[in-house]
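Below: the structure, in structure tokens.
The values are calculated or read from the model by the stated rules, or taken from the named source; none is laboratory data. In this text, all values refer to a predicted model and were calculated from it rather than measured experimentally. Methodologically, a virtual Cβ is constructed for each residue, glycine included, from the backbone with ideal geometry; neighbour enumeration extends over all protein chains shown. The area values use the complete protein model at the heavy-atom level, side chains included, leaving out ligands, DNA and RNA. Shrake-Rupley method; radii C 1.70, N 1.55, O 1.52, S 1.80 Å.
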Amino acid sequence: MSPERVTEEFKRLARAAGLPVIKLHEARHTAATLAPESGPNVKTVSTQLGHADEHPPTTRTRTFGRRSMTRPPRRRGTS
């Protein structure tokens, strides 16, 4: 199946499910964000995504798009 066909099918399925149409790469980020919450550890998810390093640059300060649990949340009005 061609990449274009996969993209079009993904869009069709999203519309049919009443979901917003997003790019496939955005879906990959969403899956990577949610995966550790459902069981697999970061190393397993990283391997599944094809990363050679357990800690790609984005996980050093954030874990798959979410703030690290060791970093205090930002307060409103501060940068």
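Observations
- Counted residues, region 1-23 - those being charged (D, E, K, R), surrounded by 10 or more Cβ atoms within 10 Å (Cβ to Cβ) and in a helix (DSSP H, G or I): 5
- Hey, Arg60 open to solvent by 90 Å² or more (accessible area, probe 1.4 Å) and modelled with pLDDT under 90 or not: yes
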